[in-house]
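Heads up: the structure comes next, in structure tokens.
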Amino acid sequence: MSKCAKGFSLVELLILSSALLVLASVAIPTINETMQYYRTETALQMVIGQIRQARQASVDKRTAHMVVFNLSGSVRTLQRQDFGWQEISDIPLPEKTAFHIPDGAPASGEYTPDGMGGYSPVYFRSGNSILFRPDGTAVDTYGQVVSGIVYIAEPGKPETARAITVFGSTGRIRSWKFEDGIWK
């Protein structure tokens, strides 16, 4: 073979291929974890945004707004009209995320976010919705001030669990992350 021959030997190609396989085997799980994190964070921020927007619109427009959490995976915002409700938006949760309480995450008692608990992924006294009055308070369908909680996660993956608490008397919203067996 001449000294001017160009190219790679079979051994060099095998070494390069095995190095790429090792790098890929390390990178793929990290990418999957990162994607899970961003999906659930996106879902959390989207739901918080809808709640805040409905509360602010009820104050600004001096009319009631309702947020409905469809357990099938979307958040609807409605505005009170003279003879009913007008839909403002219906936004689906990101792929693979759902209103869900994962196994292992406490859902009742003092170990839940703000002690609100609830055995349902969306827990307000009146069901899966919350109504904001023009003064910014959150009430149930009977007009009683109500606080509640919304759980979001990828089913089967407790590390993705997030929660949102809504304080009815002020409309204040807090977000939570399930980490190391507790809500933080």
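Nothing in this text is a laboratory measurement; each read-out follows from the coordinates by a stated rule. Since we're looking at a predicted model, the values are computed, not measured. Neighbour counts run over all protein chains shown; Cβ positions are idealised from the backbone, glycine included.
Brief remarks follow.
- Any chance residue 74 is surrounded by 14 or more Cβ atoms within 10 Å (Cβ to Cβ) and under 11 Å from the mean Cα position of the chain (by Cα): yes
- Residue 39 basic (Lys, Arg), touching a Lys or Arg at 6+ places or on another chain (Cβ under 9 Å), in a helix (DSSP H, G or I) and touching a residue at least 40 places away in the same chain (Cβ under 8 Å): yes
Residue by residue, here is whether (1) part of a helix (DSSP H, G or I); (2) free of Cβ contacts under 8 Å to residues at least 60 places away in the same chain; (3) out of contact with any Pro (no Cβ under 9 Å at 6 or more places or on another chain); (4) within 29 Å of residue 156 (Cβ to Cβ) holds:
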{"position": "53", "(1), (2), (3), (4)": "yes, yes, yes, no"}
{"position": "63", "(1), (2), (3), (4)": "no, no, no, no"}
{"position": "67", "(1), (2), (3), (4)": "no, no, yes, yes"}
{"position": "95", "(1), (2), (3), (4)": "no, yes, yes, yes"}
{"position": "103", "(1), (2), (3), (4)": "no, yes, no, yes"}
{"position": "118", "(1), (2), (3), (4)": "no, yes, yes, yes"}
{"position": "131", "(1), (2), (3), (4)": "no, no, yes, no"}
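- Filtered by the rule that a residue be of a type in the set (Gly, Ala, Ser) and either within 16 Å of residue 51 (Cα to Cα) or not in a loop (DSSP other than H, G, I, E, B) (or both), segment 133-150 gives 136, 138, 147, 148.
- Considering the conditions (1) touching a residue at least 24 places away in the same chain (Cβ under 8 Å); (2) touching a Gly at 6+ places or on another chain (Cβ under 9 Å); (3) among the charged types (D, E, K, R), residue 110 is excluded by exactly one of them, (1).
- Count - residues of segment 77-95 that are buried (at least 16 other Cβ atoms within 10 Å of the Cβ) and within 17 Å of the chain's Cα centre (by Cα): 3
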